[in-house]
């Protein structure tokens, strides 16, 4: 069974996303920010990382850069609801340039998201 690491500082959203992925048959780990995500990933590498972009402490772009540097083949889907200084599309465009597989602006449609997760895990 594929392991997915969900990284998002918004607890209700993170918990709902984890539940959605568990119900779809995936094993799920979770982290509240980039620092925690890196620590968890180093201990238990995931098959896919779902990364929020705007977070306190260590934000998503910085975390993506570090993870891709240390694990060039890592699979990442970026998500964002935007932030104080911009719309989600701007943040997600930067993430796309860093090599994430797919991006989603919050809120997103369940089926499209699960389909993207499955496609990322089974690219054939």
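The values are calculated or read from the model by the stated rules, or taken from the named source; none is laboratory data. Note that the structure is a prediction, hence the values are computed from the model and not measured. Quick reminder, even Gly has a Cβ in these numbers, built from the backbone with ideal geometry, and neighbours come from all protein chains shown.
Report yes if residue 121 is crowded, with 21+ Cβ neighbours inside 10 Å and touching a residue at least 24 places away in the same chain (Cβ under 8 Å), otherwise no. Answer is no for this residue. Out of curiosity, is residue 34 at pLDDT 95 or above and under 11 Å from the mean Cα position of the chain (by Cα)? So residue 34 fits the description; yes. Select from region 71-104 the residues that are modelled with pLDDT under 90 and part of a strand (DSSP E or B) and write down the one among them that is nearest to residue 45 (Cα to Cα). Residue satisfying both the conditions and the ranking: 80.
In region 38-50, the residues that are at pLDDT 95 or above form Cβ pairs under 9 Å with partners that are surrounded by fewer than 12 Cβ atoms within 10 Å (Cβ to Cβ), at six or more places apart or across chains, as follows: 38/70; 41/70; 42/70.
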